[in-house]
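Before any comments, here is the structure.
The values are calculated or read from the model by the stated rules, or taken from the named source; none is laboratory data. Remember, predicted model here, so these are calculated numbers, not experimental data. Here the Cβ positions follow ideal geometry from the backbone for every residue, glycine too, while neighbour counts run over all protein chains shown.
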Amino acid sequence: MVQNIMLFGYSKKISVKCVLIIQVILLSLSKGANSHFGYSESNQRRWGKHHGHCFGKLQSPISIQHSKSVPLHMPAIDLIGYHNLLAHPLKLMNNGHTVSVTIPKFSKEDIEGGEFNPYIRGGKLPGVFEVEGVHFHWGDRNNRGAEHVINDIRYTMEMHIVHRNKKYEKLADALEQKDGAAVLGFFFTLDDSDHEGLAAINKYLPLIENSNESVYMNSTFTLSSLLSHIDLDKFYTYKGSLTTPPCSEAITWVLYPEPLPISSKQISRFRQLQDSIDGALVDNYRSLQPIGNRRVFVRSVNVHHTQLSKLENEVSYKKWDWFF
Ligand SMILES: [Zn+2]
């Protein structure tokens, strides 16, 4: 009898082990090479082994210095449909590297009824870009987390709103092109009160604490609610890349320097998430990349220009290239 029980226990252990092994195999098959990357310094140096673009000359993030950026009169970025409720259901996922909100396309009927996915144009954007998703980069401590450094400040968190050039149908195809995508970057700094717009996402984080967990949000929200009331007239823009493998050099970056607020309770929910390898999903930001021969433009909003200088600026706006 005792033997039987032991045998039963043993075989049960084996079967649990087998199931685990099969799960791990299935997981690694489904994840593919793309999602195997870590953020430790040695891991980051290896990104380029499987993704050659990561060794490219137009990589992101970079450190932006106002004094070194080129002031340029250019149109603001039009955020069209940012005040409209997004199509739903919205899927929120912990993919082991970040938390992402995937924004679905409206159905044909909805589009005929006047709905549309938010899109952006203006600035030095090479076209019209439709929203694809939102994700975040954050730190284990308040003095780190953002990817871009602005005037020597590394903020607590950075939010990326990813857009696909509308002339390409799929994001994967767009990322093969120089003008394929545009990312709006926003920074967060610690504040006493909650960021109300962010609460729509934040409240779901405890449901996706583990890597590869996802949840469908039971309500939708507007992109503008995530942006609080910051000044959208001033921004930096430059040509760069995805900040995760495959590091595609397809991104026109637009970075807004005025930070958004986030409470310590809200940031702690991000820090409680788990990744697939090391445990806590924190410090998911890439190290700074060389600027090389790139120019960073800053939108100059000098209202005191004459008609003549306006004309000159128009010329210079077209003439100024992204590169030296
Ligand atoms: Zn990002």
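Which of the following residues is away from the ligand (no atom under 11 Å from the Cβ), under 21 Å from Leu79 (Cβ atoms), in a loop (DSSP other than H, G, I, E, B) and among the acidic types (Asp, Glu): Asp179, Asp192? The unique qualifying residue is Asp179. Filtering the range 158-176 to residues that are within 16 Å of the ligand (Cβ to nearest atom) and either surrounded by fewer than 17 Cβ atoms within 10 Å (Cβ to Cβ) or assigned to a loop (DSSP other than H, G, I, E, B) (or both) leaves only Leu175. Close contacts from the range 197-218, counting a first residue that is free of Cβ contacts under 8 Å to residues at least 60 places away in the same chain and a second that is of a type in the set (Gly, Ala, Ser) and outside any helix (DSSP H, G or I), with Cβ to Cβ under 8 Å and a gap of 6+ residues or different chains, come to Gly197/Ser228; Ala200/Ser219.
Yes/no matrix, rows are residues, columns are (1) within 25 Å of Val298 (Cβ to Cβ); (2) modelled with pLDDT of 95 or more; (3) away from the ligand (no atom under 15 Å from the Cβ):
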residue: Phe187; (1), (2), (3): yes, yes, no
residue: Asn218; (1), (2), (3): no, no, yes
residue: Phe221; (1), (2), (3): no, yes, yes
residue: Ile251; (1), (2), (3): yes, yes, no
residue: Leu260; (1), (2), (3): yes, yes, yes
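Among the criteria (1) at pLDDT 95 or above; (2) more than 17 Å from the chain's Cα centre (by Cα); (3) assigned to a loop (DSSP other than H, G, I, E, B), the one Asp321 does not fulfil is (1). The single residue among Gln44, Gln59 that is modelled with pLDDT of 95 or more, surrounded by 15 or more Cβ atoms within 10 Å (Cβ to Cβ), touching a Pro at 6+ places or on another chain (Cβ under 8 Å) and under 30 Å from Ile277 (Cβ atoms) turns out to be Gln59.
Taking the numbered list (1) away from the ligand (no atom under 16 Å from the Cβ); (2) touching a residue at least 60 places away in the same chain (Cβ under 8 Å) in turn, Tyr155 passes all entries but (1).
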